[in-house]
Amino acid sequence: MNIVFVEPNFPRNQREFARALHEVGATVFAVGETPWEWLDEQLQSWIGHYYQVGSVTDVDQLRTAVEHFQSIAWIDGMEATIEAHTLPAAIVREALGIPGTSVRTTWLCRDKPAMKEALRAAGVPTAVSAAAHQLDDLRDFVDEHGYPVILKPRDGAGAAGTVRVDNYRELVDAAASFGGAESIAIEEFVEGHEGFYDTLSVDGAIAIDFASHYYPGVLEAMRTRWISPQFIATNRVDSAPFYGELRALGERVNEVLGIQTAPTHMEYFVSPKGLRFSEIGARPPGVGCWDLYAAGNEMDIYRAWADAIVHHHVWHVPSRRYAAGIIALRPDRDGTITSIDGIDEINHRYGEWVIDAHLPIGSATQPVAAGYMANAWIRMRHNDFDVLREMLDDVGRTVQVHAE
């Protein structure tokens, strides 16, 4: 089977998708922005054909690359696993008659107001939201629904560009920060615990799934330097009653949006009003989350994905042996990371449970809003979710990242 894969080189874990496709028997036709000679030999060995473009998000360039591949061989599928790449890939795929996630489904998984309108119409509980084209639209929304509200790009990923607004002055300032955007999304702020539910579906049915929890919620985590935020993938998804409700929600969302054979990343809230859908992407989660799933469930999740794409079957069964999580360790100021205290203590206490760590002494700091893997981080696993959370809390108290 011949599969086009979009951008195999960046970010780092993209190579694992190319590797997995190759290992399950596919010929990989890769489109990327990096010159072929800059790819390492291992990555090159997994790629059968390569076409460099200036931008993989440029539909015309992407189409030219795929048309070149079609002049060489029959193309059976085309996959993109980065949020910004999914819609250009869907447009090209549909235009050239290649099977895969439709433009409509991809667009609904990108455009937040349209996404929530479709789900509300199907009876899925979501936050009240709307598309706003001007300040008057924002004002009308808060007149009806009140503060606080959330403003975000219509097609943003995660918390990127998301702003909480508590009064009219903040509303005006936040609206101005979106610059020349034709429209943005506004929605009610939902109080409650925040997490995410990730699936891999085959022909419309969920084959494997995973559930994770944020501590604290993403918006607070990405705005507050002193917090060492974490998220943990639970190993209780087959046993605790709550996850049955979450699974039912995920199945309904995937059904309404037309997910067939694809991974999904769905955010949710547990609010005083019950379980509420937040948003979804037709792609895997970011920030190395699939690597946590692999470590916690003793499986090659990338190969499971490749089996779904190539063979329309998933043979892997998650072990649910470990909960696995990451804690982000923020520098105390912007500058250059000069030292990291407390690592020896953590290794002495929990060394057997550490999966890996990134401790970039000597590197320039990245903004807090850049995410969980922007600066230092540690990933750990344990067979008891509650114990793992206590361990990660201890890491946050003990490890201090200093910058100058």
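Just wondering, is there one or more residues in the range 221-242 that are closer than 30 Å to Gly77 by Cβ and either at pLDDT below 95 or not assigned by TED's automatic domain parsing to the domain that holds Asp140 (or both)? Yes, because at least one residue in the range 221-242 is closer than 30 Å to Gly77 by Cβ and either at pLDDT below 95 or not assigned by TED's automatic domain parsing to the domain that holds Asp140 (or both). Of the strands (runs of 3 or more DSSP E) that lie entirely inside the range 1-93, those containing 1 or more residues that are over 22 Å from His265 (Cβ atoms) and touching a strand residue (DSSP E or B) at 6+ places or on another chain (Cβ under 9 Å) span 2-6, 27-32, 49-52.
Listed by first and then second residue, the pairs with beta-carbon distance under 7 Å, at least 6 apart or on different chains, first residue in the range 309-336 and in the same structural domain as Arg236 (by TED's automatic domain parsing) and on the phi < 0 side of the Ramachandran plot, second small (Gly, Ala, Ser) and surrounded by fewer than 13 Cβ atoms within 10 Å (Cβ to Cβ), are Val310/Gly25; Thr336/Gly362; Thr336/Ala364. The residue of the range 342-370 that is nearest to Val287 (Cα to Cα), among those that are in a helix (DSSP H, G or I) and of a type in the set (D, E, K, R), is Glu352.
Matching residues to (1) within 20 Å of the chain's Cα centre (by Cα); (2) hydroxyl-bearing (Ser, Thr, Tyr); (3) modelled with pLDDT of 95 or more:
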{"site": "Val310", "(1), (2), (3)": "no, no, yes"}
{"site": "Val314", "(1), (2), (3)": "no, no, yes"}
{"site": "Ile326", "(1), (2), (3)": "yes, no, yes"}
{"site": "Ile343", "(1), (2), (3)": "no, no, yes"}
{"site": "Asn347", "(1), (2), (3)": "no, no, yes"}
{"site": "Ala364", "(1), (2), (3)": "no, no, yes"}
{"site": "Gly371", "(1), (2), (3)": "yes, no, no"}
{"site": "Met380", "(1), (2), (3)": "yes, no, yes"}
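The residues listed here are Thr86, Thr105; of these, the one that is among the β-branched types (Val, Ile, Thr), within 22 Å of the chain's Cα centre (by Cα) and surrounded by fewer than 21 Cβ atoms within 10 Å (Cβ to Cβ) is Thr105.
Restricting attention to the range 115-134, the residues being surrounded by fewer than 19 Cβ atoms within 10 Å (Cβ to Cβ) and either free of Cβ contacts under 8 Å to residues at least 40 places away in the same chain or assigned to a loop (DSSP other than H, G, I, E, B) (or both) number 10.
The values are calculated or read from the model by the stated rules, or taken from the named source; none is laboratory data. Just so you know, these numbers come straight off a predicted model, no measurement behind them. No Cβ is skipped: glycine too gets one built from the backbone with ideal geometry, and neighbour counts run over all protein chains shown.
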